[in-house]
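Report on one structure; see the data block that follows.
The values are calculated or read from the model by the stated rules, or taken from the named source; none is laboratory data. Please read these numbers as outputs of a predicted model, since none were measured by experiment. Please note: Cβ atoms are built from the backbone with ideal geometry, for glycine as well, and neighbour counts cover all protein chains shown. Areas reflect the complete protein model, heavy atoms only, side chains present, ligands, DNA and RNA absent. Shrake-Rupley method; radii C 1.70, N 1.55, O 1.52, S 1.80 Å.
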Amino acid sequence: MLKQLYVKDLLDERKTPPEGETVELLGWIKLRRDHGGKVFLYITDSTGTIQTICSSDTLSTDVLKTAKSTPLESAVRIGGRVTTFGDEREIIV
């Protein structure tokens, strides 16, 4: 199956999935910030970049470890809930 959801779709107010909807996004890891129990991955595709949040509150230790150790520029498939923080859209993995 071909990819049907792009970063621009998540950021476009006219196309944005509703708050809390589960989405799957394909892209590559542009940047990572590790704050102990939370890892922020910036996922990029050909249309833009979106922040994802990987938290020890919602993920197993193994999955969080993978988020911390996957090399930058790796191709990934991220699944999670769409949320809005301030005026920014994010995905909670």
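Considering only the range 16-38, I want to know if a residue exists there that is β-branched (V, I, T) and more than 23 Å from L5 (Cα to Cα). No; the residues of the range 16-38 include none that is β-branched (V, I, T) and more than 23 Å from L5 (Cα to Cα). Restricted to the range 1-39, and to residues there that are open to solvent by less than 30 Å² (accessible area, probe 1.4 Å) and modelled with pLDDT of 95 or more, the residue that is nearest to A67 (Cα to Cα) is V39. Filter the range 64-76 for residues that are under 14 Å from K38 (Cβ atoms) and in contact (Cβ under 8 Å) with a residue 12 or more places away in the chain; which is surrounded by the most Cβ atoms within 10 Å (Cβ to Cβ)? Only one residue fits best here, namely A67.
Only residues that are within 16 Å of L5 (Cα to Cα) and not in a loop (DSSP other than H, G, I, E, B) were counted across the range 43-91, and they come to 20.
Farther than 22 Å from D57 by Cα and either over 13 Å from the mean Cα position of the chain (by Cα) or among the small types (G, A, S) (or both): is that true of K30 in this structure? In short, no.
Figure legend. Inter-residue proximity from the range 3-21: first residues within 13 Å of T47 (Cα to Cα) and part of a loop (DSSP other than H, G, I, E, B), second residues charged (D, E, K, R) and open to solvent by less than 30 Å² (accessible area, probe 1.4 Å), beta-carbon distance below 7 Å, spacing 6+ or different chains. Indicated pairs: Y6/D45. Picking from residues in the range 41-93 that are touching a helix residue (DSSP H, G or I) at 6+ places or on another chain (Cβ under 8 Å) and among the β-branched types (V, I, T), the one that is modelled with the lowest pLDDT is V82.
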